[in-house]
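The values are calculated or read from the model by the stated rules, or taken from the named source; none is laboratory data. Because the structure is predicted, anything quoted here is derived from the model rather than measured. Using ideal geometry, Cβ is built from the backbone for each residue, glycine included, and neighbour counts are taken over all protein chains shown. Just so you know, the surface numbers come from the protein's heavy atoms only, side chains and all, with ligands and any DNA or RNA stripped out. Shrake-Rupley method; radii C 1.70, N 1.55, O 1.52, S 1.80 Å.
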Amino acid sequence: MIRDSFLSITSNLFRMLAGLVLIKLVSIMLGPEGLGKLGHYINIFTIVAMLSGGGIAKAVISRIATKSSNADKASFIRNATVYSFWFNTLLLILFFIAYGIYSNLFNGIDTTLFIVLIFLSIISMTLLSFFNGVVLGRGINTLYYINQIIGSFVYVIASFLLIYFFGFYGAVLAVFLSYTIYIFTSFFVGFRVWKISISTTFSDFEPRSFFNLNEGRFLLRYTMMVFFSCISAPLCEMVIREYLIENSGLNDAGYWQALTRLSAAYMSFFTIILTTIYLPKLSRFGDNLSGKIFSIKIAFFILGLYLLMGGGIFVFDDYIISFLFSNEFSVITDVLLKQYFADAFKLVTMLFGFYFLAFSKVKLFLMLELAVYGSFLFLVLKFSFPSFKDVVDYYFLSTSSVFLVCLSVFVFSLLRGRDAICCK
């Protein structure tokens, strides 16, 4: 686990730094207003990335890791391919409907270009979910990490050139590349995996047995969970950002966008560890005592890393903000630690969420998502606020409250002799 953790941390550092480069470039060249305007595009590409192919990336990892024979793996991939094709068709239709209704939120670039980018994002992210699923499910983690490092390096260069020469248009294109660049580099670093996977998966194609309804129902559970995550997280951000713009101005929206992007960067550091190490191995252990012991070890490991990173933020908060953004954003240092501790509470609840995700416990996963983002959005819209700092206060209140509830349920269940994590 130590070797995998080291490689995961290294590759994820590259990806995290690549994301921060985008925010740094936009902060310097476009200022808080430009960052505030870019926020909607970041969220819409995030939603598209999550839903592309039905949002089954983690399902592919879990299924490939647990299937014993190559024939079973190939059968699952064929079923998942059909499922993703029809879901993507539905997703495009829904996007056109939603864009017709909310087009005023995305008037910063040409409509045709935006639609083309969305279409390419759906195709790219679907292919990437299969590539990552096969690689991580089969335990070829090194290939995944190399792809992350090379993709991040290429992305940094491309994003600088795009923003420097094309301004806000270039920033939108850079956001698009932040999700899709890795599929292009995967053809370079993993060409052999692509070739073998395609040839073995579709070599014994039989139309009558091409789609299994049981596998379809399994994949639908993951789609439901990802769909709910899209509603709860990115859309929640979009609503709050628009509310900030209307009530406090673009500058406050830009400050809050800077905080959320910084938060997304360091939280993705831990999410990747959970996805690449915790989820595949937990699926192999199963929903039993070994799985729970492994979960506890991962929890201590991740929380230790998180606290270590928090110490650095506490000491160098002023330098971090001026280095990652610009002097215009120095005001967010006042709430940076509060945001970080709020994310700590969220990280703990994510550990529960990934356990539910590994064993398709849809209801429990959805309850966690609703509790965190539902309470956050309720507090923001219920009470008036003068600045983005109050939004951070409400975020801290919502995540800490959900953490205390989860902890209380967990302790209460243990005292009664039950396993809180596994309760249906």
task = Please get the size of the charge dipole for segment 19-124, origin at its Cα centre, with Cβ charges of +1 on Lys and Arg and -1 on Asp and Glu, quoted in debye to the nearest 20.
result = 440 debye
inquiry  = Accessible area of the chain with a 1.4 Å probe: how many percent of it is carbon plus sulfur?
reply    = 71 percent
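Give me the number: length gained by fully extending residue 362 to residue 268, i.e. 0.36 nm times residue separation minus the C-alpha to C-alpha distance, one decimal in nm. Could you put the intermediate results ahead of the total?
Numbers: separation 94, 0.36 × 94 = 33.84 nm, distance 2.21 nm.
Going from the current span to full extension adds 31.6 nm.
May I have the convex hull volume per residue, in Å³, for the Cα set of segment 228-369?
Looking at segment 228-369, the number lands at 105 Å³ per residue.
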Projected label distance in nm at residue 285 and residue 315, using a 7 Å step from Cα toward the beta-carbon = 3.2 nm
task = Could you please state, rounded to a whole Å, how far the C-alpha centre of segment 1-76 is from the C-alpha centre of segment 291-370?
result = 16 Å
ask   = Cross-link list 37/58; 37/389; 292/346; 58/297: which exceed 28 angstrom alpha carbon to alpha carbon?
value = 37/58
key: Highest to lowest packing among 112-119, 32-39, 271-278, scored as the average C-beta count within 10 Å   = 32-39, 271-278, 112-119
inquiry  = What value in Å³ per residue do you get for the convex hull of the alpha-carbon atoms in the chain?
reply    = 140 Å³
inquiry  = Charges at C-beta only: +1 for Lys and Arg, -1 for Asp and Glu. How large is the resulting dipole of the chain about its Cα centre, in Debye rounded to 20?
reply    = 1640 debye
key: Length added when fully stretched, residue 13-residue 231, from 0.36 nm per residue minus Cα-Cα   = 75.7 nm
request  = Select from the chain the helices, each a whole stretch of DSSP H, whose alpha-carbon atoms run 18 Å or more along the helix axis and whose Kyte-Doolittle mean is at least -0.5; answer none if there are none.
outcome  = 2-51, 70-102, 111-137, 141-189, 213-232, 234-248, 250-273, 289-315, 333-358, 388-415
query = Quick one: accessible area per residue over segment 223-328, 1.4 Å probe, rounded to a whole number of Å²?
reply = 42 Å²
request  = Compute the length gained on full extension between residue 110 and residue 66: take 0.36 nm times their separation in residues and subtract their Cα-Cα distance, giving the result in nm to one decimal.
outcome  = 11.3 nm
query = How far apart, in nm, are two points set 7 Å out from the Cα along the Cα-to-Cβ line at residue 344 and at residue 322?
reply = 2.6 nm
